[in-house]
Amino acid sequence: MQPKIKLTLGELLVRATTQLVQSPTARLDAEVLIAFVCHLSREQLITLDRSTITDQQQYDLEQLVLRRQQGEPIAYLTGKREFYALELAVNEATLIPRPETELLVELVLEKIPKSNTGLPVTIVDLGTGSGAIALAIAKQRPDCRLIATDNSKAALQVATENAKHHAIKNIEFRHGHWFEILTKRSAHIIVSNPPYVAAGDDHLSRGDVRYEPGTALVAGFDGLDDIKLISKNAKDYLLPGGLLMLEHGAGQGQQVHALLLAAGADHIVCHQDLAGLDRVSTCTFSEK
Ligand code: GLN
């Protein structure tokens, strides 16, 4: 490693921002990457703008900037992303948790009283990925029992480590395909952010999604394969009166409504995210 010309944090920030000009969030990316290599918060970075960093840190930063220039997501470069006030480890085996998925968490939490004196509420998170949804709910509602599943062992490993890191103990992780690993009539709530992007959607060839696991994103030609499977089977795995809460694509609200109706659901409601887009559909399955 060649000795580096010493630049201050302020100068490095300007340089990295310029190098990352193709990113729509160049300045933010630069701040996050510099803070990451220096083990500082973004706030500290600004106040320490006249400090210098070690040659090793400067080398590490250059490597990360190069990878970011190729399009690698910031969350994979730093190995973490915040979701519902929890810092979560993420890697190429998991989707990067998105802010719109916090709506799904909010809607689940609205349904569960803060303290529960009766039997624990059982919530299943199908396709948990990094564990984001299950961890956020489990943390907010320690009396609940969560079952978080995924078909990817690598993703479950990340989710399990996230639970350990945050000392969240009320989640049981299970490996397997959708309902195959669940007991019939056992859940009060089933929640899922399943794959819902249509194969061939040009959104898949842009930005962060290029690096995310295709199995967690793509679901057949119309993006509805997994939502169809979940809608059709949920009733058998829910307790009578149980709830199903699904994230879906912005253009899928009406199709998801039709699928839930065909599966015998009641009280079907489509909820909009902060951008005003259809994002989550919820329903109940009563005993008939
Ligand atoms: N919301 C993600 C996207 O648009 C897709 C996530 C998913 O398929 N569950 O990229």
If you go through Pro97, Pro142, the only one that is part of a loop (DSSP other than H, G, I, E, B) and surrounded by fewer than 19 Cβ atoms within 10 Å (Cβ to Cβ) is Pro142
Being open to solvent by less than 50 Å² (accessible area, probe 1.4 Å) and more than 25 Å from Gln255 (Cα to Cα) is the filter here; which residues of the range 188-211 pass it?
Gly207
With the condition kept exactly as written, say whether any residue in the range 27-41 is closer than 25 Å to Leu204 by Cβ and among the basic types (Lys, Arg).
no
Consider Leu13 against the criteria (1) modelled with pLDDT of 90 or more; (2) of a type outside the set (S, T, N, Q); (3) in contact with a strand residue (DSSP E or B) (Cβ under 9 Å, 6 or more places away or on another chain): it satisfies all of them except one. Which criterion is unmet?
(3)
Give the number of residues within the range 58-105 that are aliphatic (A, V, I, L, M) and within 27 Å of Gln19 (Cα to Cα).
11
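Okay, residues lined up against (1) polar (S, T, N, Q); (2) open to solvent by less than 20 Å² (accessible area, probe 1.4 Å):
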| residue | (1), (2) |
| --- | --- |
| Gly220 | no, no |
| Gly223 | no, yes |
| Ser231 | yes, yes |
| Asp236 | no, no |
| His257 | no, no |
| Leu260 | no, yes |
| Ala263 | no, no |
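The values are calculated or read from the model by the stated rules, or taken from the named source; none is laboratory data. Note that the coordinates shown come from a computational prediction; the quantities given were computed from them, not determined experimentally. We place every Cβ from the backbone using ideal geometry, glycine too, and count neighbours over all the protein chains shown. Calculation scope for accessible area: heavy atoms of the full protein, side chains included, ligands and nucleic acids excluded. Shrake-Rupley method; radii C 1.70, N 1.55, O 1.52, S 1.80 Å.
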